Amino acid sequence: MILSIQPVLAEVNAAAYAIRYATPEGKVTFFALLILSLFSWTIIITKFRQLVIAGKATKKFMAGYGATRDPLDIQRKGENREFDGAPVYQLYIRGADEVAYHLKNNPVVVNAVPAFIPNPDGPHTNTDFLAKSTRVKISMTSFDAVKVVMEEAAGTEAISLEKGMIVLSTAVAGGPFIGLLGTVWGVMSTFAGIAESHAATLTAMAPGVAAALLTTVTGLLVAIPAMFAYNFMVTTIRHLTQELDGFASRFANQIEHVYVDHRPLAEEIQSANEVLAGRIVGALKGQETPAMIAP
C-alpha cells in the first residue's frame, strides 16, 4: 500500500516543485494554458450535451415525420417540445410556416380536381390521393421563396452545430506549441542564470529545467482531451449535417408534390379567368338594388 502511494506523492511533489521554481514567464504560460483548458472543457461538456440531445430528438422527429403523409401535419398539430434540439425540426418548422403563409396569403385555388382512384397496392397511395385532392396550392414563385427559407434555416442550424469548435481546434493545435514556448523560454532563462553564477552543476540546473518542462506537460494535458473530443464531435456534426441536407431535399420534394400547382399554363389562365369572372359577377350582384331588379 505504501509503495502504491509513493509514486502519486512523487508526481504531486514534482508538479509542486516545478511550480515553485518556475520563472514569471513560465507561470504566465502555465496560467494561460489553464485558462485555455477551462474554455476547452466548457466547450466539450456543453457541445457533447447539445449533440446528444440533437441526435435523440432527430431520431424521434424522423420517426414521427415518416409516419405522416401530409408534410404539414406536424406543423398543424402545434408546437412539439419532444423535438426541441433537433436541427431537422427547426428546418421543418421554418419551411412549413412559410408554406402555410403562402397558402393563406397567396393561394392558388384549383377548382377542377381530377378524379383519382387509389391503388391499394401502390407505395405512395396516400400521398398521391392527398396531392390530387388538395384544392388550395401555391405557385412555383411561392415555392421558390419556401426553398430560400429552408436553405437559410439549414445554414443557421449547421452554424449552430459548429459553434465553439474553433476553441477545441485551437487547443489541439496551439496547446503543445504554447507549452513548448514556455519550456524553451524557461530553459533559456536557466542557462542564462547558470552562466552568470558560473555554477554548471546538476543541482543548479534541476529547478529551472523542471519548471520549464511543466509548461510542456500542461500543454499536452490541454491538447490530448481536446483532440479526442474534437474528432468525435466533428464526426457527429458531419452526420447531423448530412441528415439535415437529406431531409431538406425530401421535405422540399414532398411540398412540391402535394402543394405546388403544376397545371399547364392554359389551365391556370382559364382558372384565373373563372375566378375573376366570379368576382365581377359577385360585385355586380352586390351593387344591384331592389329598384333595379323590379320590372
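The values are calculated or read from the model by the stated rules, or taken from the named source; none is laboratory data. On a predicted model such as this, the values are computed, not experimentally measured, just so you know. When we count neighbours, we look across all protein chains shown, and the Cβ atoms used for this are built from the backbone with ideal geometry, even at glycine.
Can you confirm whether the stretch 220-235 contains a residue that is in a helix (DSSP H, G or I), closer than 26 Å to R94 by Cβ and modelled with pLDDT of 90 or more?
Initially, the stretch 220-235 is screened for residues in a helix (DSSP H, G or I), giving 220-235.
Still in the list and also closer than 26 Å to R94 by Cβ: 233-234.
Checking the rest, the ones that are also modelled with pLDDT of 90 or more come to 233-234.
Checked the stretch 220-235: at least one residue is in a helix (DSSP H, G or I), closer than 26 Å to R94 by Cβ and modelled with pLDDT of 90 or more.
Inside the stretch 61-81, can you point out the residues that are surrounded by 16 or more Cβ atoms within 10 Å (Cβ to Cβ) and either part of a helix (DSSP H, G or I) or modelled with pLDDT of 90 or more (or both)?
F61, M62, G64, Y65, P71, L72, I74, Q75
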